[in-house]
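Trainee: The structure under discussion is supplied below as structure tokens; questions concerning it will follow.
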């Protein structure tokens, strides 16, 4: 999630990534998923409303998971809506992936999270969904490298990474031009932008020397077949997630460029994965996982555009 901040809310300064100690990756403070909106701040849904397909909403989860739904999701027997999305995000942030995979006792902690959102959830079903999420191999069988979240060590993870990017005077017209050939991006209607872009990335992890961006989605796509590539591509297009992951990629690109010795995009950046958790199955590698590797030239163009502007 991210939002825009007026320039008078922050001191004028160059981009400043998080400070690190011994590792390129570092755990940051837990961020709120509730964003306020108004004249000076707009959320990712607020920016994506310029596509004409989404309704603005202060809750980032509403954009990811949809409005509250009275019907149960067929794939997981869990309710839809903002609160379920926030529960899943909180659980994955607060709990150790290895503990979830090992099915260690966490019922009370899950119940506490559910109570905080005033949502009645079948904890057994919720536990299984979380187990599937951390235990499903994140690449297809065709890839030589596969890993699960549960197999990653804590020092290779950054949950809810906070970021702030300074923007020169740009416009959505310029973004449309740069993202023109991105299959999951929908053009934005005209708007002038200047100031700071800030927010949080669900998860950044390192595996085999490459850094990956991971975003969790609890969207109910219906039948199991919809959680394979074609169905996931449709969902990515429908919600304009291409805009989201391209901006996240810029954040990580700048971060690694600052802190990684001899940084090269193709060598150190592994790509982006959207985990549609309702469709993930440990016995089906890549199920519910949308993987993409943004073109380096697009990331470099975006980096230059944010720095130099129109």
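The values are calculated or read from the model by the stated rules, or taken from the named source; none is laboratory data. No experiment lies behind these values; they were computed from the predicted model shown. For neighbour counting, all protein chains shown are included, and Cβ atoms are generated from backbone atoms with ideal geometry for every residue, glycine included.
Trainee: Considering only residues that are touching a strand residue (DSSP E or B) at 6+ places or on another chain (Cβ under 9 Å) and either buried (at least 21 other Cβ atoms within 10 Å of the Cβ) or without any contact (Cβ under 8 Å) to a residue 40 or more places away in the chain (or both), which ones fall in the stretch 274-288?
Mentor: Matches in the stretch 274-288: 274, 275, 276, 277, 278, 279, 280, 288.
Trainee: Can you name every residue in the stretch 100-113 that is surrounded by 15 or more Cβ atoms within 10 Å (Cβ to Cβ), assigned to a helix (DSSP H, G or I) and modelled with pLDDT under 95?
Mentor: If the condition is that a residue be surrounded by 15 or more Cβ atoms within 10 Å (Cβ to Cβ), assigned to a helix (DSSP H, G or I) and modelled with pLDDT under 95, then 100, 101, 110 are the ones that fit.
For (1) in a strand (DSSP E or B); (2) within 21 Å of residue 89 (Cβ to Cβ); (3) modelled with pLDDT under 90, each residue gets a yes or a no:
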| site | (1), (2), (3) |
| --- | --- |
| 118 | no, yes, no |
| 129 | no, yes, no |
| 134 | no, yes, no |
| 146 | no, no, yes |
| 165 | yes, no, yes |
| 186 | no, no, no |
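Every residue, every condition in (1) closer than 20 Å to residue 280 by Cα; (2) modelled with pLDDT under 90, yes or no:
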site: 190; (1), (2): no, yes
site: 227; (1), (2): yes, no
site: 230; (1), (2): yes, no
site: 247; (1), (2): no, no
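Trainee: I'm trying to understand the selection: among the residues of the stretch 248-263, which are in contact with a helix residue (DSSP H, G or I) (Cβ under 8 Å, 6 or more places away or on another chain) and touching a residue at least 24 places away in the same chain (Cβ under 8 Å)?
Mentor: Matches in the stretch 248-263: 249, 250, 253, 254, 256, 260.
Trainee: Does residue 229 count as surrounded by fewer than 21 Cβ atoms within 10 Å (Cβ to Cβ), touching a strand residue (DSSP E or B) at 6+ places or on another chain (Cβ under 9 Å) and farther than 21 Å from residue 295 by Cβ?
Mentor: Spelling it out, it is not the case that residue 229 is surrounded by fewer than 21 Cβ atoms within 10 Å (Cβ to Cβ), touching a strand residue (DSSP E or B) at 6+ places or on another chain (Cβ under 9 Å) and farther than 21 Å from residue 295 by Cβ.
Trainee: Quick check on this structure: which one of 242, 225, 286 is under 21 Å from residue 146 (Cα atoms) and either touching a helix residue (DSSP H, G or I) at 6+ places or on another chain (Cβ under 7 Å) or part of a loop (DSSP other than H, G, I, E, B) (or both)?
Mentor: Going through 242, 225, 286 in turn, the sole match is 286.
Trainee: For residues in the stretch 289-307 being part of a helix (DSSP H, G or I) and surrounded by 21 or more Cβ atoms within 10 Å (Cβ to Cβ), which is nearest to the chain's Cα centre (by Cα)?
Mentor: Only one residue fits best here, namely 302.
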